[in-house]
Amino acid sequence: MSTNIDRNTASTGRSNAGSAELFRRGQRVITGGNARLSVFQRPHPIYITNGTGVNIVDADGNTYLDFLNNFTALIHGHSFRPVLDRLHHQLELGISFSGPTKLEVEFAELLCRRVPYFDQIRFMNSGTEAVMYTIKAARALTGKLKIAKLEGAFHGGYDPLEVSLDSAPANWGPRLAPNAVPYCAGIPEWHTTDTVVLPFNELIATRQILEGNKDKLAAVIIDVLPQRAGLVPIDRSYLAFLREFTARHGIVLISDEVMSFRLSYRGAINRFGFEADLCAFAKIIGGGLPIGAVGGMPQFMLAFDPTNGKPLVPQSGTFSANPMSMAAGIAALEALSEQSFQRLDDLGEYACSSLTEMFRQERLPYSVTGMGSMFRIHLRHEAPKDYREAYAAPEQQEKMGMLIRALQEKGVIVSPTCQLCLSTPMLTDHIDEMVTSVREAARMVEAREPRRAS
Ligand SMILES: Cc1ncc(COP(=O)(O)O)c(C=O)c1O
């Protein structure tokens, strides 16, 4: 995910000499000095050494409250004992094998029990891979090529779904008929014709676009809470329309729950009360280890079935369903009850209302969006309703970078888009501490630049 954020601008209080030195060493051997764009920052990233519960510690011994939790994956925070115990046990038995294990059967049983709408699942190693296989299955099953996605929605690093991931006013076209804009160099031209971009939550315009493409569409992929499109929940009427339209026209409806599975004990599908044809999972289901999974109705999962010969979509992977990820996933999910999600929801509501109230008291032109245990701070007075409203122009990005850096200085880690997420060891005290840090960081940022109308 592109960060587009230069965090160079805020002053540094804590010592970061150890991270700076690791960056210097890293630059000699890793292109860019660290191996993941989403955590790159200027002048250098903060290199982490360890984490426990809600905290992480960097290479200089600085401690942070972690409101990012490896981009929402660590729902139990760091060093969660049940996951560590399962992993230690599995380490002694073997790390990976060239054969299936009982663990994958047990984990699949657990997931299928939890998410009642599907009976079968397959495992991969990342969310990107999971999403990619849902698209491959949809294309193979329907014999059609086009994919429709929501403007601005992030679905990982698969070419066709990167279209219009970061379109800007100069190229995004009409609001109700968005252009398909390539995300980066090297994306084949045909992706911009085969990926159809939908205006989020705009039912009438979406119907018109889908009508015009229905005979060529293999799939419509959605995220019910698309982070990059503002972390604004999908409208239920919009969702109901997409479900009905896709079913009527033989188009596969895919739910990307890589992040939004966090929304309930049975996933986003359950929280929003609908059924997708295929679903992509990752992040929290791996208990902190790499994972991806595709689940769905049997007639769609059939695409991967090798029992009667070569499947429509051959799916393998050296580390797919590796026992370490399975063991960690089982331990993490077994420790998540319906009450755990309720508690996270309550804490999420407390965080959002505390931030909103603080912005009001401080007369800050900021707002909050989100749902459940995930929320995002926007540097605009009115909460955005879609990608275009959430879009930050370069000067706003710079200001956001300052805020994020100032928060880091105060010991709070958030995402490059100022998204925050909760973990089960968090308490209201941690939320209060975060809100205080946001207040102080925002005061610093606002003091540096004249307040603009948002
Ligand atoms: C909605 C969504 N889909 C797909 C992905 C890609 O997952 P991964 O980073 O595991 O490849 C992400 C990652 O943040 C995501 O948020």
Do we find that F261 is more than 13 Å from the ligand (Cβ to nearest atom) and among the aromatic types (F, W, Y) in this structure?
no
If you go through W172, W190, the only one that is surrounded by fewer than 17 Cβ atoms within 10 Å (Cβ to Cβ), more than 27 Å from P298 (Cα to Cα) and of a type in the set (F, W, Y) is W190
Can you spot a residue in the stretch 168-188 that is within 16 Å of the ligand (Cβ to nearest atom) and more than 22 Å from S415 (Cβ to Cβ)? no
Within the stretch 210-222, does at least one residue satisfy the condition of being closer than 25 Å to A247 by Cα, in the same structural domain as F319 (by TED's automatic domain parsing) and within 13 Å of the ligand (Cβ to nearest atom)?
yes
Filter result for S164 (modelled with pLDDT of 95 or more, more than 15 Å from the ligand (Cβ to nearest atom) and either over 24 Å from F272 (Cα atoms) or outside any helix (DSSP H, G or I) (or both)):
no
Of the residues in the stretch 83-105, those that are loosely packed, with under 14 Cβ neighbours inside 10 Å and touching a residue at least 40 places away in the same chain (Cβ under 8 Å) number 8
inquiry  = Against the definition (part of a loop (DSSP other than H, G, I, E, B) and surrounded by fewer than 18 Cβ atoms within 10 Å (Cβ to Cβ)), how does S316 come out, yes or no?
reply    = yes
Within the stretch 143-159, the residues that are more than 9 Å from the ligand (Cβ to nearest atom) and either at pLDDT below 95 or surrounded by fewer than 19 Cβ atoms within 10 Å (Cβ to Cβ) (or both) are G143, L145, D159
Those residues of the stretch 209-242 which are in a helix (DSSP H, G or I) and over 23 Å from W190 (Cβ atoms) amount to R236, S237, Y238, L239, A240, F241, L242
Among helices (runs of 4 or more DSSP H) entirely inside the stretch 353-454, those with 2 or more residues being over 28 Å from E202 (Cβ atoms) are 394-409, 428-448
Note on the stretch 87-143: residues touching a Gly at 6+ places or on another chain (Cβ under 6 Å) and β-branched (V, I, T) are V115, I121, T128, V131
Here the residues within the stretch 35-49 that are without any contact (Cβ under 8 Å) to a residue 12 or more places away in the chain and in a loop (DSSP other than H, G, I, E, B) are A35, R36
Counted residues in the stretch 224-258 being within 15 Å of the ligand (Cβ to nearest atom) and not acidic (D, E) come to 14
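The values are calculated or read from the model by the stated rules, or taken from the named source; none is laboratory data. For clarity, every value in this text was computed on a predicted model and none was experimentally measured. No Cβ is skipped: glycine too gets one built from the backbone with ideal geometry, and neighbour counts run over all protein chains shown.
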